[in-house]
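Take a look at the structure set out below.
The values are calculated or read from the model by the stated rules, or taken from the named source; none is laboratory data. The shown structure was predicted, so the numbers you read here are calculated from the model rather than taken from an experiment. For neighbour counting, all protein chains shown are included, and Cβ atoms are generated from backbone atoms with ideal geometry for every residue, glycine included.
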Amino acid sequence: MDLEESIEIIESGYEFLLAYAAQGRPAGAETGPGPHARPTIEGMAAAMKFIAEALVNGRTDFEQVIAEDCRKAGAAIGYMLAQDKIGSEMVDNLNASIHLRAVLTDLFLYSEVLEPLGTEEGETTAESMAYDATKTSQ
């Protein structure tokens, strides 16, 4: 696992968990047809642990913030994984956790610095275009 892969695991895991929470599944043992939340949550936990260890002594203060946020969100995820039964309500509460949201926001910013969209001079794409209040249309 590397840093970029870990970021992708967390971001895509969060998207999966949003959909899972919306299904209204009761808390129960994860048996039968899936998809099940536990494997995704386990992957996110491993990715957060990797990021926390990789950035704890980071070159910037922000990398240290990311490491600490991953540690905090990882604690919530670990608590959830320790439960025998996981349902949509529990997943929804994890999704709402300020700690998990902090990690996501941190990683969105950090990954944009690692690999910005529209990296060529003057290059813009639909994905990299954003509203700029300093520019007015005529």
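The residues on offer are Leu100, Leu107, and the sole one that is under 14 Å from the mean Cα position of the chain (by Cα), part of a helix (DSSP H, G or I) and under 25 Å from Pro35 (Cα atoms) is Leu100.
Conditions tested, residue by residue: (1) exposed (fewer than 14 other Cβ atoms within 10 Å of the Cβ); (2) modelled with pLDDT of 95 or more; (3) of a type in the set (D, E, K, R).
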residue	(1), (2), (3)
Ala45	no, yes, no
Val56	no, no, no
Ala67	no, yes, no
Lys72	no, yes, yes
Ile77	no, yes, no
Asn95	no, no, no
Val103	no, yes, no
Phe108	yes, no, no
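Taken together, the criteria exclude Leu18 from residues that are in contact (Cβ under 8 Å) with a residue 60 or more places away in the chain, closer than 21 Å to Met1 by Cα and either surrounded by 13 or more Cβ atoms within 10 Å (Cβ to Cβ) or touching a helix residue (DSSP H, G or I) at 6+ places or on another chain (Cβ under 9 Å) (or both). Consider Gln23 carefully, then state whether it is free of Cβ contacts under 8 Å to residues at least 40 places away in the same chain and more than 13 Å from the chain's Cα centre (by Cα). No, not satisfied. Whenever a residue of region 75-95 is closer than 15 Å to Ala19 by Cβ, its partners that are part of a helix (DSSP H, G or I) and among the charged types (D, E, K, R), lying with C-beta atoms within less than 8 angstrom and at least six residues away or across chains, give the pairs Ile86/Arg38.
So which of Gly24, Gly34 ends up being modelled with pLDDT under 90, on the phi > 0 side of the Ramachandran plot and not in a helix (DSSP H, G or I)? The conditions single out Gly24.
Annotation note: of Tyr14, Tyr20, Tyr79, the sole residue that is hydroxyl-bearing (Ser, Thr, Tyr) and under 22 Å from Ser111 (Cβ atoms) is Tyr14. Criterion applied to Glu63, Glu42 was being under 15 Å from the mean Cα position of the chain (by Cα), assigned to a helix (DSSP H, G or I) and charged (D, E, K, R), and the one residue passing it is Glu42.
Is it true that some residue in region 114-135 is of a type in the set (Asp, Glu), farther than 17 Å from Tyr20 by Cα and at pLDDT 90 or above? The answer is no, given that none of the residues of region 114-135 is of a type in the set (Asp, Glu), farther than 17 Å from Tyr20 by Cα and at pLDDT 90 or above. Among the residues examined, Glu11 qualifies as part of a helix (DSSP H, G or I) and within 19 Å of Val113 (Cα to Cα).
Report yes if Ala67 is under 18 Å from Thr105 (Cα atoms), touching a Cys at 6+ places or on another chain (Cβ under 8 Å) and either among the hydroxyl-bearing types (Ser, Thr, Tyr) or free of Cβ contacts under 8 Å to residues at least 24 places away in the same chain (or both), otherwise no. Considered against the rule, which asks whether it is under 18 Å from Thr105 (Cα atoms), touching a Cys at 6+ places or on another chain (Cβ under 8 Å) and either among the hydroxyl-bearing types (Ser, Thr, Tyr) or free of Cβ contacts under 8 Å to residues at least 24 places away in the same chain (or both), Ala67 comes out as no.
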